[in-house]
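**Student:** My questions all concern the structure below.
Just so you know, all these numbers are worked out from the coordinates, no wet-lab data involved. As the structure is a prediction and not an experimental result, all values here were calculated from the model. With ideal geometry, Cβ positions are generated from the backbone for all residues, glycine too; neighbour counts draw on all protein chains shown.
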């Protein structure tokens with residue numbers, strides 16, 4: 001768990017860590033150098049002329065123990081040196097540390113909530129997990145909200161008419177939303193288009209966002225977004241508003257510490273082309289304003305299923321294209 005720190009406090013923290021790591025590195029080097037001298041001296045004693053076989057055998061036995069100890073101190077010194085180098089780097093770039101980034105993010109979120117659009121509105125918001133300014137959020141109003149919570153269960157037949165469930169897995173929650181952006185007297189089409197561009201960027205870049213609403217999502221991505229500039233909406237007395245449909249899916253990101261094994265690729269020769277799998281015989285011809293969400297709702301299928309069966313972007317469905325469902 002990363003704790004937010006101001007740039008000054010982070011600098012002090014990493015400076016202390018760097019000094020401590022440097023001291024440990026110098027101590028490890030001193031011990032390693034000391035044992036190198038001992039091993040070198042012992043080797044010279046073994047190579048002396050006139051030494052008896054018994055004495056030489058005794059010294060060689062001692063050398064094995066010395067070599068083992070030297071190897072241990074060499075390993076410790078190598079780790080200490082690496083740790084000191086890393087600590088020095090962290091100190092040098094402490095202004096960009098995770099703690100400082102979190103501090104800036106929390107500060108931005110705090111200032112964001114003081115913004116007049118945020119403070120005086122009862123709408124819903126999309127906020128990037130790492131907002132880059134006090135105005136990085138998007139405000140919108142929901143007219144239709146359809147949450148989807150699904151789970152998959154693997155069943156194995158053990159006897160005619162009887163099944164055993166082996167594994168159950170819950171799929172991420174998905175929210176299909178219809179709503180509008182704008183609708184306030186102060187809203188201009190320029191401002192509305194900026195908000196639309198922001199959501200489009202979130203979708204294109206798979207930006208991790210926070211969704212606030214009746215059923216909030218602390219970690220989500222916009223999987224589809226389709227604004228409809230041809231559909232004018234009376235949004236609470238304002239003249240400028242744009243309707244849209246959007247799908248938000250809950251996500252969780254994990255870091256893997258598993259290293260991929262390097263492997264050589266072998267030429268397996270020419271392969272016979274595989275027959276393409278059928279997308280299904282059910283499809284509609286796309287019209288202006290059609291969205292995956294709208295098609296999925298009309299034919300009572302999931303939005304994710306429609307997206308998988310079609311190659312077009314959710315925001316760029318060409319008119320006249322076959323949309324499978």
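**Student:** Return the ratio Rg/(2.2 N^0.38 Å) for region 33-103, where Rg is computed over Cα atoms only.
**Tutor:** Normalised by 2.2 N^0.38 Å, the Cα Rg of region 33-103 equals 1.94.
**Student:** Pull out the extension gain between residue 130 and residue 79, defined as 0.36 nm times the separation in residues minus the alpha carbon to alpha carbon distance; nm, one decimal. Before the final figure, lay out each step's value.
**Tutor:** Working: separation 51, 0.36 × 51 = 18.36 nm, distance 3.37 nm.
Net length gain for the segment: 15.0 nm.
**Student:** Could I ask something else about it? Which of 126, 5 has the fewest other C-beta atoms within 10 Å, and how do the rest follow up to the most?
**Tutor:** Least crowded to most crowded, the residues run 5, 126.
**Student:** Also, I was wondering about something else. According to a simple spin-label model (label point 7 Å from Cα along Cα-to-Cβ), what is the distance in nm between residue 298 and residue 89?
**Tutor:** Label at residue 89, label at residue 298, 5.5 nm between them.
**Student:** Once a ≥ b ≥ c are taken as the square roots of the eigenvalues of the Cα gyration tensor of region 283-324, is the result rounded (a/c under 1.5), prolate (a/b larger than b/c) or oblate (a/b not larger than b/c)?
**Tutor:** Prolate.
**Student:** Now, a different point. On a full-extension model of 0.36 nm per residue, what is the gain between residue 186 and residue 62, subtracting their alpha-carbon distance, rounded to one decimal in nm? Please report the intermediate quantities before stating the final value.
**Tutor:** On the way: separation 124, 0.36 × 124 = 44.64 nm, distance 8.71 nm.
Extra length available between residue 186 and residue 62 comes to 35.9 nm.
**Student:** Between residue 29 and residue 197, what is the label-point separation in nm under the 7 Å Cα-to-beta-carbon projection?
**Tutor:** Taking the two extended label points, one gets 5.3 nm.
**Student:** Here's another thing I want to ask about it. Where does each of 62, 198 land when they are ranked from fewest to most other beta-carbon atoms within 10 angstrom?
**Tutor:** 62, 198
**Student:** Measure off 7 Å from each Cα along the Cα-to-Cβ vector at residue 218 and residue 321, then give the distance between these two points in nanometres to one decimal.
**Tutor:** Distance between the two pseudo-spin positions: 3.7 nm.
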